[in-house]
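Before any comments, here is the structure.
The values are calculated or read from the model by the stated rules, or taken from the named source; none is laboratory data. Keep in mind that this is a model prediction, so the values were computed, not measured. Cβ placement follows ideal geometry from the backbone for every residue including glycine, while neighbour counts extend to all protein chains displayed. We work out accessible area using only protein heavy atoms, side chains counted, and drop any ligands, DNA or RNA first. Shrake-Rupley method; radii C 1.70, N 1.55, O 1.52, S 1.80 Å.
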Amino acid sequence: MEHKKVIIVGSGPAGLTAAIYTARADLEPMVIEGEPSSTSDQPGGQLMLTTEIENFPGFPEGLMGPELMTNMRAQAERFGASFKTAKVTKVLLDSSPFALYTSDQQDQNEPALTCDALIVATGARSIMLNLESENELIGHGLSTCATCDGFFFRGQDIAVVGGGDSALEEALFLTKFANSVTIIHRRDTLRASKIMQDRAFSNEKIRFEWNKTVTALHSKDSVLTGVTLEDTATYENTMLNVTGLFVAIGHSPNTDVFKGLLEMDDAGYIISHSGTHTSIDGVFACGDVQDHKYRQAITAAGSGCMAAIDVERWLESQH
Ligand code: NAP
């Protein structure tokens, strides 16, 4: 069993910024960065699934999400942060030091790690449509990541579900490859920002299916061939023949291992107070796992910095 002063769970912009700051404060943090097994909680978080980031200050020409995360990780390593490529499977927070079990440990009876302070930066993941055969079709026409999968849809007719910034960003990116991109939205007005709406409306390859929800996925030989759309007013069903469907309908916080331990809101986001303190003394939360409002790389990074400073002061107050 290894003991650390600070363990950070999560390696998105919040976790890595917390790592940079706690490492520079000589707290020798360990980052449990997740596993490359799934798109939702892979190391680097959601920005690994993002295309160009134009609004992260300091990069006037923009940069790609994965590049930003690689740079942040290297910066944290430079100051002495260590990394563990695993998922946290269980935490014990009722006494100090806190104990953590991880997916890579052989003996699950004993915790693999203990720490004095814990920073939770596990982020959020894509919400899915919960339709039959959805899981089987992921990677076979169904995707939540245009950056990862857009290339495979060159010259095809595809669709994106959702009316927020994510949906429009995905749709605009996909027009680089696809023959046409249909945005399927359940209302007749978009939630996305004005600038993204203007870009989408002026793109010749983008069309809209307003007031429609996807009620069924169709496939042949385990590959998507089309979707059934239901009109939200008339309940009339129509078939849309698409070979790709990108789901961009929002996110859900990655808080399963902390359920029942930390105070959360109804949607499962951790409630933080006085900066990044949680309901347990010595446990701090930053980034999207405690923020359903702003959800930006820069706000996540900012709250990661706050968590590191809160941890440093809290540790000082303990010793
Ligand atoms: P969002 O803003 O919550 O939008 C989700 C969209 O999906 C909404 O249009 C919603 O419809 C729709 N939706 C939700 N559940 C659905 C369901 N079950 N079936 C069909 N449609 C459903 O989420 P987001 O687009 O992921 O954006 C999250 C945050 O990140 C926002 O603050 C956004 O501004 C930000 N963001 C910014 C950028 C950027 O600046 N480049 C890029 C991406 C995201 P309703 O509108 O009817 O609720």
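Of note:
- Meets criteria (without any contact (Cβ under 8 Å) to a residue 60 or more places away in the chain, surrounded by 15 or more Cβ atoms within 10 Å (Cβ to Cβ) and among the aromatic types (F, W, Y)) for Y21: no
- Tallying residues that are open to solvent by 80 Å² or more (accessible area, probe 1.4 Å) and polar (S, T, N, Q) within the stretch 223-240 yields 2.
- Under the condition of being more than 15 Å from the ligand (Cβ to nearest atom) and touching a helix residue (DSSP H, G or I) at 6+ places or on another chain (Cβ under 9 Å), the residues counted in the stretch 121-134 number 2.
- Picking from residues in the stretch 173-192 that are within 20 Å of the chain's Cα centre (by Cα) and either basic (K, R) or open to solvent by 20 Å² or more (accessible area, probe 1.4 Å) (or both), the one that is farthest from L131 (Cα to Cα) is F173.
- Taking each residue of the stretch 151-173 that is aromatic (F, W, Y) and looking for partners that are part of a strand (DSSP E or B) and open to solvent by 10 Å² or more (accessible area, probe 1.4 Å) with beta-carbon atoms closer than 9 Å, six or more apart or interchain, yields F173/E52.
- Picking from residues in the stretch 67-91 that are in a helix (DSSP H, G or I) and surrounded by 17 or more Cβ atoms within 10 Å (Cβ to Cβ), the one that is farthest from the ligand (Cβ to nearest atom) is A76.
- Residues located in the stretch 190-203, provided they are assigned to a loop (DSSP other than H, G, I, E, B) and within 14 Å of the ligand (Cβ to nearest atom): L190, R191, A192, S193
- Inclusion of S252 among residues that are of a type outside the set (D, E) and in contact with a Cys (Cβ under 9 Å, 6 or more places away or on another chain) is not warranted.
- Test: residue in the stretch 1-16 that is at pLDDT below 95 and either out of contact with any helix residue (DSSP H, G or I) (no Cβ under 9 Å at 6 or more places or on another chain) or under 24 Å from I127 (Cα atoms) (or both): yes
- Residue that is modelled with the lowest pLDDT [pool: residues in the stretch 135-160 that are in a helix (DSSP H, G or I), within 16 Å of the ligand (Cβ to nearest atom) and open to solvent by 10 Å² or more (accessible area, probe 1.4 Å)]: C148
- Counting only residues that are near the ligand (Cβ under 7 Å from one of its atoms) and not in a helix (DSSP H, G or I), the stretch 161-189 holds 7 of them.
- Residue that is within 16 Å of the ligand (Cβ to nearest atom) and under 23 Å from G139 (Cα atoms), where the choices are G268, G244, G250: G250
- Of the criteria (1) open to solvent by 20 Å² or more (accessible area, probe 1.4 Å); (2) under 30 Å from L174 (Cα atoms); (3) part of a loop (DSSP other than H, G, I, E, B), which one G34 fails: (1)
- Counting the residues of the stretch 104-134 that are under 20 Å from the mean Cα position of the chain (by Cα), small (G, A, S) and either over 23 Å from P13 (Cα atoms) or part of a loop (DSSP other than H, G, I, E, B) (or both) gives 2.
- Pairs are defined by a Cβ separation below 6 Å, a sequence spacing of at least 6 or placement on different chains, a first member in the stretch 276-300 that is within 16 Å of the ligand (Cβ to nearest atom), and a second member that is open to solvent by 40 Å² or more (accessible area, probe 1.4 Å); the pairs so defined are D288/R295.
- Taken over the stretch 241-287, the residue count meeting the criterion of being open to solvent by 20 Å² or more (accessible area, probe 1.4 Å) and part of a strand (DSSP E or B) is 5.
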